[in-house]
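Some notes on the structure that comes next.
The values are calculated or read from the model by the stated rules, or taken from the named source; none is laboratory data. This structure is a prediction, so every number in the text was calculated from the model and none was measured. Quick reminder, even Gly has a Cβ in these numbers, built from the backbone with ideal geometry, and neighbours come from all protein chains shown. Note: areas computed on protein heavy atoms with side chains; ligands, DNA, RNA excluded. Shrake-Rupley method; radii C 1.70, N 1.55, O 1.52, S 1.80 Å.
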Amino acid sequence: MSGVSEVRAFIRSRRRAPASWLDRYTALFGLAIGAAVLAQPASSALAAVTRQADPSRMGAGVALVALVYAGLLAVARAVGPVAVPASDAAWLVLSPLDRRGVLGRTARLLLVISVLAGTALGVGLLAVLGAPDQLAVRLVAAVVLGVSAAAGGMALAVLSQSSQTWNSWLHVALVAITVLAGVAALSASGSARRILPSVASAPVTLGAALAGVAAVAAALLVRRAWSSLARIPARSLLAASTRAGHVAGAAVGMDPGALTWIAEDNHWRGRALRSRPWPPLPAPLALAWQDWRRLGRRPGRLAVLLGAAALPSLAAQAAGGVTAITVGALLAGALAAAVAGTSGARRDGDNPSLARLLGVDARAALAARALLPALLSAVWLSLALTGLVLAGTLAEGPWWLFGPSAAPVLAAAGLRMARRNPVDHAMPIIETPAGTVPTGPVVWGLTGVDLAALGCLPLALALAPAAQPSTLGGYLAAQALAGVVVLSSYLLRAAKGR
């Protein structure tokens, strides 16, 4: 440990340019903006804690909290989570220095992240269940429970980085949490509807005992994870550090699109794929067949995408009805489903010379590539709307028809996102009271989203509370017409631009 301290002290002594007042001001300004952004959700959650929770919304709220927790564990597992800067990964990790001393900073940072995330999870869970009495004690127990769950999950992710056995246990934990979320969502109906209210009104001593047991279990996992830092393979550390460097580079360069390329290339690198003859198709469809093959070789990704169709219904149940958040979740999920089948169009956009060498008409090729995004978005949106009907948040009606009607718009929006240019940092900067806003990243982020929002306006109006189910046919006709107009206009304009 002393050797690591001496090395870091030597590195600090050789720095020529210490942190300036501008760097410190930028860091403090960023923290202030983050606090201002999180102030409203935090105050809303604390205000919800003091109110009596609605029993009909408890199941969906608990399911959402469980899914958020599972998502955090999945992100930690995918990222590493133990990673070091590129300079440390280049020589400190491979040096004979004490491994735990080298990784100590990262471990402390992960602990801080776990405490913050666990506090948010605990307050969110208490806001869902409510606090009928003894608010202070229940709040402390919920925060302890959330911090223990987050710290234990992060420790489990660290252990999975050093051992394949622990990696399997983490996979089992993710599956169990997902199943628990499904059970919680189903508990809002039938005779099981009284389970969560009884849990919320349980004695405070029971919650305190549960929080104490969770804290002891989390402490044991954290201690074991700290001991395992010395046994993490250098290969795993270098891979995690490389991923962290790519994320930092994309954030500094404001080019999030590079992250998807890196993730895709890392997935397929070193894999042996079986060669099969392609079906006899016309030239445009044969060119688009690679998107279908690529999607078929990743069934897990497709299963997760289709399973996410239940999120809008959970959000609507937790909010007590269809709100703007529900509509946004519907459009975002359907657009994400469409983008999942646009890798070929993105390759053509990044390398137009190769696309021209293939000798296929640009308009016909783009139309063929629009089939898979349209199918994916239609299926996802139909499943999501059917879930809203089954959950009782939408009136009875042929809502699933909006999936095929809006599919052309979503396919055009997905292709527009896949073919957009990198972020133009030469665009002007807008001065606002909150600071300067670069328009380049904003325009890049809205490219494609604007087309989906405008083209799916009939669907958004049909989901408005003031809409009547009797007029659903008119909204469906308007959505179908908008789909045909938007997709045909986009194909004509895109082909002409090339």
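In terms of modelled amide H atoms, which long-range or inter-chain residues lie less than 5 Å from the amide H of Val423? Answer set, sorted by chain and number: none. When each of the peptides 391-402, 306-317 is scored by the mean number of other C-beta atoms lying within 10 Å of its residues, the order from highest to lowest reads 306-317, 391-402.
On full extension, the segment bounded by Arg269 and Arg223 gains 13.0 nm, given 0.36 nm per residue less the C-alpha separation. Each of the peptides 209-220, 289-300 was scored by the mean count of other Cβ atoms within 10 Å over its residues; in descending order, highest first, they stand as 209-220, 289-300. The HN-Hα couplings worked out from phi for region 210-217 by the Karplus form 6.51 cos²θ - 1.76 cosθ + 1.60 (θ = phi - 60°) are 4, 5, x, 4, 5, 5, 5, 5 Hz, whole numbers, x standing for Gly and Pro. With R₀ fixed at 45 Å, the C-beta to C-beta distance from Ile262 to Leu481 puts the FRET efficiency at about 0.65. Working note: Cα atoms of region 292-379, range along each principal axis, descending, whole Å: 55, 26, 19. Estimated at the nearest 10 Å², the accessible area of Leu335 is 20 Å² with a 1.4 Å probe.
For Ser56 and Leu206, the FRET efficiency from 1/(1 + (r/R0)^6), where r spans their Cβ atoms and R0 equals 25 Å, is about 0.60.
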